[in-house]
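The values are calculated or read from the model by the stated rules, or taken from the named source; none is laboratory data. Since this is a predicted model, take the numbers as computed values, not measurements. Cβ atoms come from the backbone with ideal geometry, glycine included; neighbour counts cover every protein chain shown. Ligands, DNA and RNA are excluded from the accessible area calculation, which covers all protein heavy atoms including side chains. Shrake-Rupley method; radii C 1.70, N 1.55, O 1.52, S 1.80 Å.
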Amino acid sequence: MRTCPLAILISLCGASGYAQQPDVKALIRKSVENYERDWRTGMRWSYTQTDLTRSDSGKEVEVVEVLPIEGTPYDHLVSKDGKPLGADEKRKEDQKYEKVVRQRRAESPAERRARIEKYESDRAFLREIPEAYNFRLIGEDEVDGRPAWVVEMHPKPGYSPLSMRAAMFRHIEGKLWIDKEDVHWAKADAHVIDTISIGWVLARIGPGAHISLDMTRVRPGLWMPAKIDVNGVARVLMVHNKNLNEQLTFSGFKPAAGEETIESVAERRSLSTAGQSFR
């Protein structure tokens, strides 16, 4: 599964929802609690994710269905560059999906619990947000007609991260628009102020990279990502520079009454990709 830029962006958020000017630190803590609740709920939702990458050689588009299977999501590729997969590639993707379904349904309770805990632990670094930043409430605004607080975030000098992933907080600053009513992120803009390393030698994202996030309220009290834009320069494998120009969009959020079945996915896939266009 590709490293999603959302993991970087998520590291930037706080929230608010009080009649008078709130205590910013308490606001941030509440927002992190709400985000954790949202992504845990989202583990039981299906949706479509479109990944549009532009480069000097053109653009690439991949559409995946994100499906909950026995407690954690699975990315199922359904189309490339606005076209359905060819017969051979479709068969391979369907076989991979069916294999994952069989494997997860054959797990022991201990194996399933370990898999879910591993997925959840990958996001535990977000709990460090309130201590990793200095926050400043700079005003109020509206996002999609809803009132929001606007909060600036700057890395706290001397903060020592408790986890490896939280180390990125020292290199990112941002501005947040926080929905007042729900105490959830509505919008965020992030800037890389110092080089971020991904993996040991995989890539380094240089200063000046910009990441923006738009969220959507799928129902009262539940927010999901709507769009993520990433722009900047990365040094890949420490060898060559690569421009980052990627947009992720999310749509078709649907709560799963139960888990997806092999038999039902084919019908829903044909509906989710119909009529899509890219620019």
Put a dot 7 Å past each Cα toward the Cβ at residue 100 and residue 119; how far apart are the dots in nm?
-> 0.9
Compute the accessible area per residue over the range 39-135, keeping the other protein chains in place, probe 1.4 Å, unit Å².
-> 52
What ³J(HN,Hα) values, in whole Hz, does the Karplus curve 6.51 cos²θ - 1.76 cosθ + 1.60 give for the range 126-134 when θ = phi - 60°, with x put for Gly and Pro?
-> 5, 5, 7, 3, x, 9, 7, 10, 9
Search the structure for amide H atoms under 5 Å from the amide H of residue 143, placed 1.01 Å from N in the peptide plane, and list their residues when 5 or more places away or on another chain.
-> 148
Taking amide H positions as placed in the peptide plane 1.01 Å from N, state which residues far from residue 74 in sequence (5 or more) or on other chains have amide H under 5 Å from it.
-> 67, 69
PRE zone check, label point 7 Å out along Cα-to-Cβ of residue 26, amide N under 20 Å, scope the range 122-164, hits 129-140, 148-152
Size of the range 89-148 as Cα extents on the principal axes (Å, biggest first) | 52, 30, 19
Quick one: if you stick a label point 7 Å off each Cα along the C-beta vector at residue 152 and residue 91, how many nm between them?
-> 6.0
Nearby aspartates and glutamates by direct alpha-carbon distance to residue 175 (threshold 13 angstrom, same-chain neighbours under 8 apart not counted) = 140, 141, 152, 189, 214
Once amide H atoms are built 1.01 Å from N in the peptide plane, which residues 5 or more positions from residue 85, or in another chain, come under 5 Å H to H?
-> 80
Contour minus Cα-Cα distance for residue 112 and residue 37 (0.36 nm per residue) = 25.0 nm
Set 25/254; 90/254; 83/187 screened for pairs whose C-alpha atoms are more than 27 Å apart = 25/254; 83/187
Measure off, as a whole percent, the carbon and sulfur share of the 1.4 Å-probe accessible area of the range 151-231, all protein chains present.
-> 56
For the range 28-37, just list the computed ³J(HN,Hα) in residue order, Karplus coefficients 6.51, -1.76 and 1.60, θ = phi - 60°, integers in Hz, with x standing in for Gly and Pro.
-> 5, 4, 5, 5, 5, 4, 5, 4, 4, 5
For the range 51-153, evaluate the Debye formula with one uniform point scatterer on each Cα (no solvent term) and list log10 I(q)/I(0) at q = 0.13, 0.17 Å⁻¹, rounded to two decimals.
-> -0.85, -0.97
